[in-house]
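The values are calculated or read from the model by the stated rules, or taken from the named source; none is laboratory data. Here the structure is a predicted model, which means the values were calculated and not measured. Glycine gets a Cβ as well: all are built from the backbone with ideal geometry, and neighbour counts include every protein chain shown. When the accessible area is computed, the model is the full protein with side chains, heavy atoms only, and any ligands, DNA or RNA have been set aside. Shrake-Rupley method; radii C 1.70, N 1.55, O 1.52, S 1.80 Å.
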Amino acid sequence: MKALVLSSGGADSTVCVALAVEKLGRENVATVSFEYGQKHDRELICAQKIADFYSLRHFVLSLENILKFSDCSLLKNSTQAIEHKSYADQIAEKGEGKVSTYVPFRNGLMLSSAAALAQSIYPEEDCEIWIGAHADDAAGQAYADCSSEFTQAMDQAISIGTYGLVKLAAPLVKFNKAHVIKEGLRLKVPFELTWSCYEGHEKACGKCGTCIDRLNAFEENGVKDPIPYEE
């Protein structure tokens, strides 16, 4: 069995990388990142560092042409500023549904592209595509493409379309963020190499939704987040 892990350079996907290496051995694991028109390249740099740390083959694919028409606040052509509020606060204010940092069908695009890559580099071998979606991202329908319903449907579609050779693994989909970090600490994940912040500054902003979730998750585990923050 081979594994191709979607690696954003963030905490969740890096825990997935570590889990795949633990389960299958590093010789059977590769990682893939995506250029999708994001405002900064910090996550891509970190994803390469993670691949280097675990001595894994790493690929970078582009989705930029597909997403260049979106006005999502994460994208460099957007007219919107990134909200500096927790996801819980955003949902409390606006009700359940997608948040402003939802990139249109991004996980669907990534998983489909990864399935094609898996069939290209492992044409006759069984392969799992690993994704680090977790329950907190799916809560309140903030990111519908992180839900267990979505990952189950994509697993079925990918399996059918690849003659049963490629399957989807979402080992964190029922975990909250604190549980993800706890698992990463068990695996001795190099969190100091990861980047979660939506801003591309020298230090993480500490104010955007993903920073707030990350800081709270480390605090719940009684551990200081090893990356530097502006505040």
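Below, the figures for the structure above:
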| read-out | value |
| --- | --- |
| Net charge over other residues, Cβ less than 14 angstrom from the Cβ of Gln119 (K, R count +1; D, E count -1) | -2 |
| Shape category assigned to the range 18-68 from the gyration tensor of Cα positions, a/c cut at 1.5 | prolate |
| Exposure rank, largest accessible area first [Arg214, Arg42; 1.4 Å] | Arg42, Arg214 |
| FRET efficiency estimate (nearest 0.05) - Cβ-Cβ, Gln156 to His40, R0 41 angstrom | 0.75 |
| Distant-in-sequence amide H partners of Lys167 (H built 1.01 Å from N, under 5 Å) | Cys127, Glu128, Ile129 |
| Nonlocal amide H pairs with Trp195, under 5 Å, H built at 1.01 Å | Gly10, Ala11 |
| Sequence ranges 107-118, 5-16, ranked by mean other-Cβ count within 10 angstrom, highest first | 5-16, 107-118 |
| Segment Gln141-Glu230, length gained on full extension (0.36 nm per residue, minus Cα span) | 29.1 nm |
| Rounded FRET efficiency, nearest 0.05, which uses the C-beta distance separating Ser120 from Ser148 and R0 of 30 Å | 0.60 |
| Crossing angle, helix 42-54 versus the chain [Cα axis fit, 0-90 degrees, rounded to tens] | 50 degrees |
| Gained length - Asp89 relative to Val60, 0.36 nm times residue gap less alpha-carbon distance | 7.1 nm |
| Two-site label geometry, Gln80 and Tyr163: point separation in nm, points 7 Å out along Cα→Cβ | 4.2 nm |
| Shape of the range 64-144, Cα gyration tensor, a/c cut at 1.5 | oblate |
| Efficiency of FRET from Cβ geometry, Phe69 and Glu219, R₀ 35 Å, rounded to 0.05 | 0.35 |
| The range 97-125-the range 2-74 distance, computed between alpha-carbon centres (Å) | 11 Å |
| Accessible area in square angstrom per residue, the range 14-168, 1.4 angstrom probe | 47 Å² |
| In nm, spacing of pseudo-spin labels at Leu185 and Lys203 (7 Å Cα→C-beta vector) | 2.3 nm |
| Rounded to 10°, Cα long-axis angle of helix 177-186 versus longest principal axis of the chain | 60 degrees |
| Among beta bridges that DSSP assigns inside the range 22-172, antiparallel share in %, nearest 5 | 10 percent |
| Electrostatic dipole magnitude of the chain [Cβ: Lys, Arg +1; Asp, Glu -1; Cα centre; debye, to 20] | 200 debye |
| Share of carbon and sulfur in the accessible heavy-atom surface of the chain [1.4 Å probe, %] | 51 percent |
| Whether the range 1-107 is rounded, prolate or oblate, judged on the alpha carbon gyration tensor where a/c under 1.5 counts as rounded | prolate |
